[in-house]
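As structure tokens, the structure follows; a few thoughts come after it.
The values are calculated or read from the model by the stated rules, or taken from the named source; none is laboratory data. Computed from a predicted structure; not experimentally measured. Using ideal geometry, Cβ is built from the backbone for each residue, glycine included, and neighbour counts are taken over all protein chains shown.
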Amino acid sequence: MFLNLLEAILDDFTTSDASRGAEAAPTLKEAEFEKLFVYAFAWSIAGLCDTNDRRLFQKEILEHFKAPLPNIN
């Protein structure tokens, strides 16, 4: 699921669209890619969890690796 989600997110950055005409696909900076990667990772792992489990997931995994995600309120 992680790879499917990441591939869908990155599709605009990896393929040229006929509607763009001569324009190339937009570039993606490393920091932007990292955020998209963490987003796909978090949703593929914790997307089906309840709120308390998502908080635990954020604390134990995302904060441990210093992932660039906002806090859960």
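What the table below lists for this structure:
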| read-out | value |
| --- | --- |
| Members of segment 48-70 that are at pLDDT 85 or above and outside any helix (DSSP H, G or I) | Leu48, Cys49, Asp50 |
| Pairs with Cβ under 7 Å, 6+ apart, first in segment 28-41 and part of a helix (DSSP H, G or I), second aromatic (Phe, Trp, Tyr) | Ala40/Phe2; Phe41/Phe2 |
